[in-house]
Amino acid sequence: MARTKRLREAVRVYLQEHGSCNTVEIFDHLNERFSWGATMNQVGNILAKDRRFSKVGHVRDFFRGGRYTVCVWALASDSLDGDPGLASA
């Protein structure tokens, strides 16, 4: 987790502010927020392997010039219940 700690925290804050978002929106946010950015593989691994994030569905739409199915993510409900700092922020 050490290499992606700042990215993970940025994703948590973004999802807390926006509710549910798809992978492309999160990817774009990270690449606007940080000068070094993130790869799509990094974003997918962060979202899939961190228990604070949960997949809530799929959306099929035009992204990057083609029609793709991407996952929709939100904060896991237990991540808000288990950490009082997350619920109050």
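Please go through segment 36-66 and give me each residue that is of a type in the set (Gly, Ala, Ser) and within 14 Å of the chain's Cα centre (by Cα), ordered by number. So that I can check it myself, show each step before the final result.
We begin by selecting, within segment 36-66, every residue of a type in the set (Gly, Ala, Ser); these are 37-38, 44, 48, 54, 57, 65-66.
Those that are of a type in the set (Gly, Ala, Ser) and within 14 Å of the chain's Cα centre (by Cα): Gly37, Ala38, Gly44, Ala48, Ser54, Gly57.
Mind listing whichever residues of segment 65-89 are of a type in the set (Gly, Ala, Ser), surrounded by 15 or more Cβ atoms within 10 Å (Cβ to Cβ) and either outside any helix (DSSP H, G or I) or at pLDDT 90 or above (or both)? Residues satisfying the conditions are Ala74, Ala76.
Give the residue that is surrounded by the fewest Cβ atoms within 10 Å (Cβ to Cβ), with candidates limited to residues of segment 40-64 that are in contact with a strand residue (DSSP E or B) (Cβ under 9 Å, 6 or more places away or on another chain) and not in a strand (DSSP E or B).
Residues of segment 40-64 that are in contact with a strand residue (DSSP E or B) (Cβ under 9 Å, 6 or more places away or on another chain), as a first pass: 44, 46-48, 52-63.
Of the ones still in play, those that are also not in a strand (DSSP E or B) are 44, 46-48, 52.
Numbers: Gly44: 16, Ile46: 22, Leu47: 20, Ala48: 12, Arg52: 20.
Restricting to residues being in contact with a strand residue (DSSP E or B) (Cβ under 9 Å, 6 or more places away or on another chain) and not in a strand (DSSP E or B), the top hit is Ala48.
Checking each residue of segment 22-35 against the condition of being of a type in the set (S, T, N, Q) and under 10 Å from the mean Cα position of the chain (by Cα) gives at least one match. The one condition from (1) out of contact with any Ser or Thr (no Cβ under 6 Å at 6 or more places or on another chain); (2) at pLDDT 90 or above; (3) surrounded by fewer than 10 Cβ atoms within 10 Å (Cβ to Cβ) that Cys21 does not meet is (3).
The values are calculated or read from the model by the stated rules, or taken from the named source; none is laboratory data. The structure displayed is predicted, hence computed values, not measured ones. Cβ sites come from the backbone with ideal geometry, for glycine too, and all protein chains shown count toward neighbours.
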